1. Would you report the distance distribution of C-alpha pairs in the range 35-122 as whole percents per 5 angstrom bin, up to the bin with the largest distance?
2. Which residue, chosen from Ile254, Ile9, Leu106, occupies the Cα position most advanced towards the positive end of the dipole of the chain, where the dipole is computed from +1 (Lys, Arg) and -1 (Asp, Glu) charges on Cβ about the Cα centre?
3. If you take the C-alpha gyration tensor of the chain, multiply each eigenvalue by 5 and take the square root, what semi-axes do you get, largest first, in whole Å?
4. Testing the spin-label approximation: label points 7 Å from Cα along Cα→Cβ at Ile68 and Gln246. State their distance in nm.
5. As a test of the formula, what do you get for the chain when each DSSP H run with n ≥ 4 contributes -39,500 (n - 2.57) and the sum is divided by the residue count, at 222 nm and rounded to the nearest 500 deg cm²/dmol?
6. Quick check for me: using +1 on Lys/Arg Cβ and -1 on Asp/Glu Cβ, what's the dipole size of the range 118-222 about its Cα centre, in debye to the nearest 20?
7. Sort all Cα-Cα distances of the range 159-304 into consecutive 5 angstrom bins from zero, then give the percent of pairs in each bin up to the one containing the longest distance.
8. Run the quick spin-label model on Leu193 and Ala281: label points 7 Å from Cα toward the beta carbon, then report their separation in nm to one decimal.
Amino acid sequence: MTIQALPYITPELPGIGGEIKVEPEHFVVEEVPLYEPVGTGEHTFVRLTREGQTTREVVQHLARALGIRPEGIGYAGLKDKHARVTQVFSLPGISPTRAEEAVRSLGYAFEWAIPHNRKLRPGHLLGNRFTITILWPQAEDALARALAIARALEARGLPNFFGPQRFGQYGDNATQGLAILTGQKRRPRQKWLARLLISAYQSQLFNEYLALRMERGLFDKILLGDLAKKTDTGGMFWVDDVEEAQRRFDRREITFTGPLFGYKMRKPQAEALALEAEILARCPVTPEQWRKHRTDGNRRVGRVFLQSIGIQPVSQGLRLTFFLPKGAYATVLLREIMKPTSPFPQFDLS
């Protein structure tokens, strides 16, 4: 199921149209850290701003400038090339002074460099702040429409679909991932690329699951056997008391999770298991193939609770400011507001 074919959570509210990402300054992303560096240790955390390069390209440039292996450099998440991005990297065995010199020599905007005792790992962030300009909205009442959709999303939550970035510049990452899993395509030598393609197929199945749940009217409902996740601690549990769980769900204390299939994935029970089985029945990958490619599987939150979405008119359109927790995609939120008739521009996370 392509991103264009996914259901909307606000289908009754007309979108505003428009474009995004004409220039990097129209798509600004700032990482919100999970923790601050402690000030001592063998790694240096460096915070910088760049545009026109992917996260992996920045890693390669830093490695060459500092004479270290790229594999030793840590980062919390991949960010798009065609955006203005502020993020943190960890550099092993590099002093803050050397880190600053390297960042500045490469033309990046330097913010700070502070030692820490551990490497930065993927997922080590709370989320991201976005400042995004929707250019040339087509609706004359664009501001009113955007505000109406934003308030609806704040009230109902955002479906945690994977955005187009996950599926590559040409939208075929999931197809390639499936071919690798089923033996129709040779596994790439680059471990990161193999993981990226296989995870794209997992992401496609998750999107299909969440779309099915929405189509059945179950986005606002907790099912018997759901693997629910606590929004404060992240702990997961099986739902055996639906009425009590629904009250907690309505209070935003918990949310349901969906499948990132794999041979060790923690499964739901009862009604929730039956719903996931409908998606798994469409999947030609066997448990042995998941295991062969060391694809453990995981759970992903299905409904994201939003903070306030800021919207203000600017000369070229509307500027949105909002925060999303890690793993959530700004393009999914933008898609609800814009209701685009054509695909979003290309995203490059390679």
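1. Percent of pairs per bin, in order: 3, 16, 30, 29, 17, 5, 1.
2. The residue sitting farthest along the positive end of the dipole is Leu106.
3. 32, 27, 20
4. With each label point 7 Å from Cα toward Cβ, the separation is 5.3 nm.
5. -9500 deg cm²/dmol
6. Roughly 920 debye, rounded to the nearest 20.
7. Cα pair-distance distribution for the range 159-304, in percent: 2, 10, 19, 22, 18, 13, 9, 5, 2, 0.
8. 3.7
FYI, it's all coordinate maths here, none of it is from the lab. Given the structure is predicted, the values throughout are model-derived calculations rather than measurements. Backbone-built Cβ (ideal geometry, glycine too); neighbour counts: all protein chains shown.
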